[in-house]
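Note sheet for the following structure.
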Amino acid sequence: MKELHWNILTILVLTATLLVVILVSQLMVNPYQAWNPLPPPPLPEVMRIPTATVTPKQLPPTWTFTPAEFASTSTLLPSSTPLATSTGFILPTATQTDTPTVTATITELASPTGTRTRAPTATDEPPPEPTNPPKPTDTPVPPTEEPTSPPPPTLPAGSIPGL
């Protein structure tokens with residue numbers, strides 16, 4: 001008798017579980033069911049806005065190629081480019097320019113007691129005399145000489161040295 005009791009209870013629980021699964025799946029598909037305890041708010045009406053009429057894009061008018069007649073002209077033949085030559089040049093030298101110097105002036109600051117102090121005055125110191133910069137020299141630099149030893153060999157692209 002005890003086993004029959006548990007078997008019937010098992011069938012009832014399985015049937016209730018199946019019924020709950022069916023009801024939840026129905027609510028997932030359509031939440032506006034009449035038996036839904038928490039239905040969502042109703043959707044607002046679809047707003048219809050008047051739109052402009054679509055104007056289809058048009059292709060531009062066709063263009064037909066008409067060959068133009070050109071006068072025959074002679075084309076210059078390519079020429080060789082002259083090679084680079086060694087040219088002497090003169091290096092510029094540095095020149096000195098006069099720059100104004102700033103002279104510091106000592107001033108007295110106001111004291112916290114409120115005593116009178118003298119105002120700063122201009123000094124009668126003459127400005128410094130300008131210096132005469134040396135004149136630049138035009139020293140010609142001779143052209144560079146050709147290297148006496150051949151340059152070191154270079155490796156082809158993509159090769160690894162030492163392998």
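State in Å² the accessible area per residue of region 1-82; use a 1.4 Å probe, count heavy atoms of protein chains only, and round to the nearest integer.
112 Å²
Given the Cα-Cα distance of Asn36 and Thr62 and 0.36 nm per residue of separation, how much length would full extension add, in nm? Mind dumping the intermediate values first?
Details: separation 26, 0.36 × 26 = 9.36 nm, distance 6.55 nm.
Result for the pair: 2.8 nm of gain on full extension.
Can you give me the % of accessible surface on region 24-109 that is carbon or sulfur? Probe 1.4 Å, all protein chains present, nothing else counted.
Values: 6220 of 9620 Å².
Of the solvent-accessible surface of region 24-109, carbon and sulfur hold 65 percent.
Give me the one-decimal nm value for the distance between modelled label points at Ala52 and Asn132, 7 Å along each residue's Cα-to-Cβ direction.
8.3 nm
Can you give me the orientation-averaged projected area of the convex hull built on the Cα atoms of region 1-104, in nm²? Please list the in-between numbers first.
Values: hull surface 168.2 nm².
Averaged projected area of region 1-104's Cα convex hull equals 42.1 nm².
Can you tell me which of 54-64, 32-42 comes out highest on packing, and rank the rest after it, using the mean Cβ neighbours within 10 Å?
Ranking the peptides 54-64, 32-42 by packing returns 32-42, 54-64.
Give me the one-decimal nm value for the distance between modelled label points at Val102 and Thr81, 7 Å along each residue's Cα-to-Cβ direction.
5.3 nm
The values are calculated or read from the model by the stated rules, or taken from the named source; none is laboratory data. This is a predicted model, so every value here is computed, not measured. Heads up, the Cβs are rebuilt from the backbone with ideal geometry, glycines too, and the neighbour counts pull from every protein chain shown. Just so you know, the surface numbers come from the protein's heavy atoms only, side chains and all, with ligands and any DNA or RNA stripped out. Shrake-Rupley method; radii C 1.70, N 1.55, O 1.52, S 1.80 Å.
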